[in-house]
Amino acid sequence: MDILDAYKFCPICGKPTLKKENNHLAQCQTCGYRLYLNPSIGAVGMVFDDKGRLLVVRRSKEPAKDTWHIPGGFVEVGETIEAAVSREIKEELNIEVKAEEYLFSIPNSYQYRGIERYPLDFFFKCKIIDMSAMKVDLSENSDFAFLPPEEIRLEDFGLPSIKEAIKRYFHK
Ligand SMILES: [Zn+2]
């Protein structure tokens, strides 16, 4: 189930009369308040070094623990997706990157505590501005590597949306 099935109480009038109308809308049968389900925005950076190698990180948590991953995270309220890419990669690896080119978006879904969530991941090609203090944040990832295109294997990536991005970018 998604969050529209889980919510019963209207956040405006407080009555237990929220009713799911379709896959993106629930409406309160008492006051008419409309609650929309929108995708959350994921900002993902395909970072390349000056030799054309792709920066990958190894996931330290489930889902897809220990597989290669591409760094990124959720966009915060008031933030651009480009700024979110830089912020997330700074948090994960302590490097400065700049999102140079929008590549594509891939809809994603996963369960959190039994509730289906629907991120929409935006992929950007990024260049490195400064990696002199590079250090992996171990709370999110256990390792990182720069992979030359010929060493990128689809089966080493775990999450479906990341596999799809690798496939699309490298035409594998
Ligand atoms: Zn209401």
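The values are calculated or read from the model by the stated rules, or taken from the named source; none is laboratory data. On a predicted model such as this, the values are computed, not experimentally measured, just so you know. Don't worry about glycine lacking a Cβ; one is built from the backbone with ideal geometry, like all the others, and counts go over all protein chains shown.
Answer yes or no as to whether Val77 is assigned to a loop (DSSP other than H, G, I, E, B), away from the ligand (no atom under 16 Å from the Cβ) and at pLDDT 95 or above.
yes
All but one of (1) in contact with a Lys or Arg (Cβ under 8 Å, 6 or more places away or on another chain); (2) of a type in the set (Lys, Arg); (3) within 16 Å of the ligand (Cβ to nearest atom) hold for Arg59, so report the exception by its number.
The one condition Arg59 does not meet is (3).
Residue-by-condition table, conditions (1) acidic (Asp, Glu); (2) modelled with pLDDT of 95 or more:
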{"site": "Met1", "(1), (2)": "no, no"}
{"site": "Asp5", "(1), (2)": "yes, no"}
{"site": "Ile12", "(1), (2)": "no, yes"}
{"site": "Asn23", "(1), (2)": "no, no"}
{"site": "Ala26", "(1), (2)": "no, yes"}
{"site": "Arg34", "(1), (2)": "no, yes"}
{"site": "Ala43", "(1), (2)": "no, yes"}
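Would you point out which residue out of Asp2, Asp66, Asp49 is over 21 Å from Asn141 (Cα atoms) and more than 16 Å from the ligand (Cβ to nearest atom)?
From the options Asp2, Asp66, Asp49, the qualifying one is Asp2.
I'd like the residue in region 11-41 that is in contact (Cβ under 8 Å) with a residue 60 or more places away in the chain and among the hydrophobic types (A, V, I, L, M, F, W, C) and, out of all such residues, is nearest to the ligand (Cβ to nearest atom).
Top of the filtered list is Leu37.
Do we find that Ile152 is over 13 Å from the mean Cα position of the chain (by Cα) and among the aliphatic types (A, V, I, L, M) in this structure?
So Ile152 fits the description; yes.
Given the condition at pLDDT 95 or above, touching a Lys or Arg at 6+ places or on another chain (Cβ under 7 Å) and in a strand (DSSP E or B), answer yes or no: does some residue in region 84-93 qualify?
No: region 84-93 contains no residue that is at pLDDT 95 or above, touching a Lys or Arg at 6+ places or on another chain (Cβ under 7 Å) and in a strand (DSSP E or B).
If you scan region 1-58, which residues turn out to be in contact with an Asp or Glu (Cβ under 9 Å, 6 or more places away or on another chain), of a type in the set (Lys, Arg) and assigned to a loop (DSSP other than H, G, I, E, B)?
Within region 1-58, Arg53 is the sole residue that qualifies.
Considering each residue of region 1-10, count those that are without any contact (Cβ under 8 Å) to a residue 12 or more places away in the chain and of a type in the set (D, E, K, R), and give that number.
1
Restrict the check to region 8-23 and report whether at least one residue is within 23 Å of Phe74 (Cα to Cα) and surrounded by 13 or more Cβ atoms within 10 Å (Cβ to Cβ).
no
What tally of residues in region 88-136 results from selecting those that are among the acidic types (Asp, Glu), closer than 21 Å to Pro39 by Cβ and in contact with a Ser or Thr (Cβ under 8 Å, 6 or more places away or on another chain)?
So the answer is 2.
For region 113-149, which positions are modelled with pLDDT under 95 and among the acidic types (Asp, Glu)?
Answer for region 113-149, where residues must be modelled with pLDDT under 95 and among the acidic types (Asp, Glu): Glu116, Asp137, Glu140, Asp143.
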